[in-house]
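J.: I'd like to ask some things about the structure below.
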Amino acid sequence: MQKLKVGDTVQVQAGAEASEKTPATKRGKVLKIDRESGRVTVEGLRLVKRHLRKTPQNPEGGIVEKPGTIALASLQVVCAKCDKATRVGIKTEGEKHQRFCKKCKALID
């Protein structure tokens, strides 16, 4: 069972995206997970600029900002109930697995 899934709201805890002045305020939705390299693409975070040349599909070309990747270990899932970044636990009921918040014990799925 995966503790982080596409569509989860996550909060950055460490790295360049974590703000020192206002601790842990950078949040976003997970767009893509690369488990091999341990990197995650998060909506609106770690924006990188890419230069595109003119093509028939993109007649204007120019500079485009798109989200880069963040290390998987630098993120924590945000619980919808308590609105805090939390560790994720897994409950097993028969053959069904469910994720839950370690702080308030609410189900995440």
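The values are calculated or read from the model by the stated rules, or taken from the named source; none is laboratory data. As the structure is a computational prediction, the values presented were derived from the model and not from experiment. Cβ coordinates were reconstructed from backbone atoms using ideal geometry, including for glycine residues, and neighbour counts include every protein chain displayed.
J.: Which ones in segment 32-55 are in a strand (DSSP E or B) and over 21 Å from THR86 (Cβ atoms)? Even if it seems obvious, please write down each step before you answer.
T.: Taking segment 32-55 as the starting set, the residues that turn out to be in a strand (DSSP E or B) are 32-34, 39-42, 47-52.
LYS32, ASP34, ARG39, THR41, LEU47, VAL48, LYS49, ARG50, HIS51, LEU52, listed by residue number.
J.: For THR55, all conditions in the list (1) exposed (fewer than 13 other Cβ atoms within 10 Å of the Cβ); (2) among the hydroxyl-bearing types (Ser, Thr, Tyr); (3) touching a Lys or Arg at 6+ places or on another chain (Cβ under 9 Å) hold save one; what is the number of the exception?
T.: The number of the failed condition is (3).
J.: Right, something else. I need the full set of residues from segment 56-67 which are in a loop (DSSP other than H, G, I, E, B) and at pLDDT below 90, in order please. Steps first, answer last, please.
T.: To start, the set of residues in segment 56-67 that are in a loop (DSSP other than H, G, I, E, B) comprises 56-61.
The answer is GLN57, ASN58, PRO59, GLU60, GLY61.
J.: Okay, moving on. Is one or more of the residues making up segment 11-24 in contact with a strand residue (DSSP E or B) (Cβ under 7 Å, 6 or more places away or on another chain) and basic (Lys, Arg)?
T.: Residues of segment 11-24 that are in contact with a strand residue (DSSP E or B) (Cβ under 7 Å, 6 or more places away or on another chain), as a first pass: 11-13, 15, 17-18, 24.
Adding the requirement that they be basic (Lys, Arg) leaves none.
No.
J.: Still on this structure, please answer the following. Conditions: (1) touching a strand residue (DSSP E or B) at 6+ places or on another chain (Cβ under 8 Å); (2) without any contact (Cβ under 8 Å) to a residue 24 or more places away in the chain. ARG27 meets all but one. Number of the miss?
T.: For ARG27, the exception is condition (2).
J.: Okay, moving on. Select from segment 69-109 the residues that are under 19 Å from the mean Cα position of the chain (by Cα) and part of a loop (DSSP other than H, G, I, E, B) and list them in ascending order.
T.: Hits for segment 69-109 are CYS79, ALA80, LYS81, CYS82, ASP83, LYS84, ARG87, LYS102, ILE108, ASP109.
J.: Only residues that are among the polar types (S, T, N, Q) and in contact with an Asp or Glu (Cβ under 8 Å, 6 or more places away or on another chain): list them for segment 72-86, please. Spell out the reasoning first.
T.: Start the filter on segment 72-86 by keeping residues that are among the polar types (S, T, N, Q), which leaves 74, 76, 86.
SER74, the sole residue that qualifies.
J.: Suppose we keep only residues that are among the hydrophobic types (A, V, I, L, M, F, W, C) and under 17 Å from ALA18 (Cβ atoms) within segment 38-68. Which one would you say is nearest to the chain's Cα centre (by Cα)? Spell out the reasoning first.
T.: Taking segment 38-68 and keeping what is among the hydrophobic types (A, V, I, L, M, F, W, C), we get 40, 42, 45, 47-48, 52, 63-64.
Cutting the leftovers down to under 17 Å from ALA18 (Cβ atoms) gives us 40, 42, 45, 47.
Numbers: VAL40: 6, VAL42: 4, LEU45: 9, LEU47: 13 Å.
Among residues in segment 38-68 that are among the hydrophobic types (A, V, I, L, M, F, W, C) and under 17 Å from ALA18 (Cβ atoms), the one nearest to the chain's Cα centre (by Cα) is VAL42.
J.: Ok, one more. Given the criteria farther than 30 Å from GLN98 by Cβ, among the hydrophobic types (A, V, I, L, M, F, W, C) and in contact with a strand residue (DSSP E or B) (Cβ under 7 Å, 6 or more places away or on another chain), does LEU52 qualify? If you could, list the steps in order and put the result at the bottom.
T.: On the way: farther than 30 Å from GLN98 by Cβ: yes; among the hydrophobic types (A, V, I, L, M, F, W, C): yes; in contact with a strand residue (DSSP E or B) (Cβ under 7 Å, 6 or more places away or on another chain): yes.
Here the answer is yes, as LEU52 does meet what is asked.
J.: Of GLU43, GLU17, GLU65, which residue is crowded, with 16+ Cβ neighbours inside 10 Å and of a type in the set (Asp, Glu)?
T.: Values: GLU43 fails: crowded, with 16+ Cβ neighbours inside 10 Å; GLU65 fails: crowded, with 16+ Cβ neighbours inside 10 Å.
Checking each option against the conditions leaves just GLU17.
J.: Exactly one condition in (1) β-branched (Val, Ile, Thr); (2) in a loop (DSSP other than H, G, I, E, B); (3) touching a Pro at 6+ places or on another chain (Cβ under 9 Å) is not met by THR25; state its number.
T.: Result: THR25 fails condition (3) only.
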